[in-house]
Amino acid sequence: MNTLKYDDEGDWLINELIDGDAELIQSLKHLISTRVGEWFLDDLHGFRREVVEKKFSDRKEIIQAMHDVLYQEPRVAEVLSVEYEFNRIKRKLSIDFRARTIDGNEIGGDIDVNSSWI
């Protein structure tokens, strides 16, 4: 599938198309950036951010929420690893993920989630 590419600020680049694994990584980053309930057509689409927003967040819960969001993409066959760093003072969540696609390719990416919601 071809789609428009977007930059780090979330703005679409009209003159650039991406496909393949790059498009899949972009799709996963969109999923992670979307709060559950934010997309009005699907109340379960996105990342359960409340696990990070708690006063005392639980590492296992956060990792499970990240696995849940990555498995929402039907092209992901297996989540290989998920790491995160959360700085509550700077309100910054950084996520690094690795996954295997249904085609057998290993993909990965990192994303700094805009933490104005935390």
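Structure data summary
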read-out	value
Pairs where the first residue, in the stretch 54-67, is surrounded by fewer than 13 Cβ atoms within 10 Å (Cβ to Cβ) and the second is among the β-branched types (Val, Ile, Thr) and in a helix (DSSP H, G or I), C-beta under 9 Å, 6+ apart	ASP58/VAL51
Selection count where residues are farther than 14 Å from VAL113 by Cα and in contact with a strand residue (DSSP E or B) (Cβ under 8 Å, 6 or more places away or on another chain), scope the stretch 37-61	1
Residue under evaluation HIS45, criteria (1) crowded, with 18+ Cβ neighbours inside 10 Å; (2) under 13 Å from the mean Cα position of the chain (by Cα), criterion not met	(1)
Residue within the stretch 84-91 that is closer than 24 Å to LEU4 by Cα and touching a helix residue (DSSP H, G or I) at 6+ places or on another chain (Cβ under 8 Å) present	no
Extreme residue, modelled with the lowest pLDDT, among residues of the stretch 68-95 that are charged (D, E, K, R) and surrounded by 14 or more Cβ atoms within 10 Å (Cβ to Cβ)	LYS92
Contacts under 8 angstrom Cβ, first residue in the stretch 8-21 being farther than 20 Å from ILE32 by Cβ, partner of a type in the set (D, E, K, R), 6 or more apart	GLU16/LYS5; LEU17/LYS5
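The values are calculated or read from the model by the stated rules, or taken from the named source; none is laboratory data. Given the structure is predicted, the values throughout are model-derived calculations rather than measurements. Virtual Cβ from ideal backbone geometry, glycine too; neighbours counted across all protein chains shown.
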